[in-house]
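Novice: Below: one structure in structure tokens.
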Amino acid sequence: MTELINGDLLSHDTFNNFGLHVLSKGTIVNDQEISRLFQHQIEYVDIENRASDEPAARTLETTVNPKWLPNVQPIYENAVKSFEKFFNHALVDGKVDDQEVTAVIQPLLNNLQMERDVVSMLLLLNTNDDYVYQHSVQVGMLSYYLATWTGYSNEESATIGKAGFLHDIGKCQIPGEVLNRPGKLTEREFEEIKKHTIYGHEIILNSFDDPFLAIGALQHHERMNGSGYPNGLEADDIHPVSKIIAVADVYSAMISQRVYQQKRDLLFVLKELYRLSFDELDPFTTHTFIKHMIPNFIGKRAELVSGEVGIIVMTHPIEFFQPLVQIDERFIDLTIERDYEIKHVYL
């Protein structure tokens with residue numbers, strides 16, 4: 001079964017050893033289907049003959065140049081560069097142009113609907129541009145995805161994605177020497193940084209007819225336990241859209257080299273988000289995010305604390321960080337074999 005490649009077509013219904021129907025005839029096999037076959041310990045399936053121009057063999061590493069990259073990368077890079085212009089306009093005029101923002105954001109949102117591997121996507125699209133601009137684009141992308149995962153319609157999700165793109169626009173009014181300081185901020189400087197939420201709220205209200213877009217800028221640093229800013233809101237007082245943008249904001253900040261100078265282990269980042277979901281971030285929103293991000297690790301190479309290296313072949317819907325790992329011919333279910341723990345995932 002390890003000879004299966006993405007795009008193979010099953011020629012017969014597939015059953016496990018207990019007679020349970022697993023996959024139907026005509027199913028197109030991709031990573032999710034292959035992991036399901038692993039789960040049911042199915043070693044052999046029948047497939048239709050491959051076309052003469054069959055795709056390259058499936059590998060268990062991230063594709064170096066996925067087919068979507070040539071289309072999405074220039075749109076992403078244009079969005080990052082455009083945000084520098086939006087920040088300058090907001091600083092000078094106190095507002096941004098709705099049509100210009102939409103013209104930059106909409107093509108990216110249209111392409112996001114086709115890409116599922118969000119983890120690899122953000123790594124591949126990462127550029128050396130200014131952190132604030134790139135962070136804004138990433139938060140917009142992640143807010144769009146998370147909105148769809150939490151049940152919003154595509155139109156509503158696009159609006160929430162737009163709110164995510166604009167969440168930090170108020171930073172245009174923070175002095176550069178404070179905003180870009182690499183070391184620890186003084187208490188006075190931190191109080192100044194906090195004002196970007198209020199500045200952003202005002203800029204967006206001046207720019208758009210939709211107050212819904214502005215709430216994310218105002219509240220994305222509010223926390224469930226009341227420890228956030230600018231108003232120390234708690235739990236249900238925080239708008240659901242702000243809870244979405246908060247999760248996207250924290251994740252994007254944590255995967256940035258500005259925070260982690262070492263090689264980024266994205267599984268560790270998700271564990272940190274999980275920890276924050278018990279007091280600071282909304283648990284439903286955070287767990288929904290993790291639940292949808294974790295399957296992106298299927299097919300990735302994982303190093304265990306024991307030093308052994310294997311492939312993640314299946315993830316668990318509840319025990320997010322206890323996947324099924326294949327090491328050579330052996331399968332280790334981390335939900336059962338609790339002595340095993342993943343140290344690092346290679347992307």
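The values are calculated or read from the model by the stated rules, or taken from the named source; none is laboratory data. All values reported here derive from a predicted model rather than from experimental measurement. Here the Cβ positions follow ideal geometry from the backbone for every residue, glycine too, while neighbour counts run over all protein chains shown. Calculation scope for accessible area: heavy atoms of the full protein, side chains included, ligands and nucleic acids excluded. Shrake-Rupley method; radii C 1.70, N 1.55, O 1.52, S 1.80 Å.
Novice: Sort out which residues of segment 181-208 are more than 18 Å from residue 231 (Cα to Cα), open to solvent by 70 Å² or more (accessible area, probe 1.4 Å) and touching a residue at least 24 places away in the same chain (Cβ under 8 Å), and write them in order of number.
Specialist: If the condition is that a residue be more than 18 Å from residue 231 (Cα to Cα), open to solvent by 70 Å² or more (accessible area, probe 1.4 Å) and touching a residue at least 24 places away in the same chain (Cβ under 8 Å), then 206 is the only one that fits.
Novice: Name the residue that is nearest to residue 268 (Cα to Cα), counting only residues in segment 280-334 that are assigned to a strand (DSSP E or B) and among the small types (Gly, Ala, Ser).
Specialist: My answer is 302.
Novice: Here are some residues: 84, 100, 77. Which one is assigned to a helix (DSSP H, G or I), in contact with a His (Cβ under 9 Å, 6 or more places away or on another chain), surrounded by fewer than 17 Cβ atoms within 10 Å (Cβ to Cβ) and at pLDDT 80 or above?
Specialist: 100
Per-residue answers, yes or no, for (1) closer than 27 Å to residue 30 by Cα; (2) more than 16 Å from the chain's Cα centre (by Cα); (3) polar (S, T, N, Q):
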{"residue": "227", "(1), (2), (3)": "no, yes, yes"}
{"residue": "252", "(1), (2), (3)": "no, no, yes"}
{"residue": "271", "(1), (2), (3)": "yes, no, no"}
{"residue": "295", "(1), (2), (3)": "yes, no, no"}
{"residue": "304", "(1), (2), (3)": "yes, yes, no"}
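The rows are residues; the columns are (1) among the basic types (Lys, Arg); (2) over 27 Å from the mean Cα position of the chain (by Cα).
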| position | (1), (2) |
| --- | --- |
| 162 | yes, no |
| 180 | no, no |
| 187 | no, yes |
| 199 | no, no |
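Novice: Moving to a separate point now. So residue 297 ticks every box in (1) modelled with pLDDT of 95 or more; (2) open to solvent by less than 50 Å² (accessible area, probe 1.4 Å) but one. Which box is left unticked?
Specialist: With respect to (1) modelled with pLDDT of 95 or more; (2) open to solvent by less than 50 Å² (accessible area, probe 1.4 Å), residue 297 is out only on (1).
Novice: Check off (1) surrounded by 12 or more Cβ atoms within 10 Å (Cβ to Cβ); (2) at pLDDT 80 or above; (3) of a type outside the set (Gly, Ala, Ser) for residue 42 and give me the number that stays unchecked.
Specialist: The failed condition is (2).
Novice: Could you check segment 301-347 and list, in sequence order, the residues that are polar (S, T, N, Q) and open to solvent by 60 Å² or more (accessible area, probe 1.4 Å)?
Specialist: Of everything in segment 301-347, just one residue is polar (S, T, N, Q) and open to solvent by 60 Å² or more (accessible area, probe 1.4 Å), namely 306.
Novice: Follow-up. For segment 153-175, enumerate the residues that are open to solvent by 40 Å² or more (accessible area, probe 1.4 Å) and assigned to a loop (DSSP other than H, G, I, E, B).
Specialist: Correct list: 153, 175.
Novice: For residue 93, which of the numbered conditions (1) in contact with a helix residue (DSSP H, G or I) (Cβ under 8 Å, 6 or more places away or on another chain); (2) at pLDDT 80 or above; (3) open to solvent by 30 Å² or more (accessible area, probe 1.4 Å) fails to hold?
Specialist: (1)
Novice: If you don't mind, there's one more thing I want to ask. When segment 209-225 is examined, which residues are found to be of a type outside the set (S, T, N, Q) and either crowded, with 17+ Cβ neighbours inside 10 Å or under 23 Å from the mean Cα position of the chain (by Cα) (or both)?
Specialist: Listed by number, the residues that qualify are 212, 213, 214, 215, 216, 217, 218, 220, 221, 222, 223, 224.
Novice: Can I ask one more? For segment 176-249, give me every one of the helices (runs of 4 or more DSSP H) that falls completely inside it and has 2 or more residues that are touching a helix residue (DSSP H, G or I) at 6+ places or on another chain (Cβ under 8 Å) and polar (S, T, N, Q).
Specialist: 196-207
Novice: Residue 155 passes all but one of (1) modelled with pLDDT of 95 or more; (2) under 25 Å from residue 100 (Cα atoms); which number fails?
Specialist: If we test residue 155 against (1) modelled with pLDDT of 95 or more; (2) under 25 Å from residue 100 (Cα atoms), just (1) comes out false.
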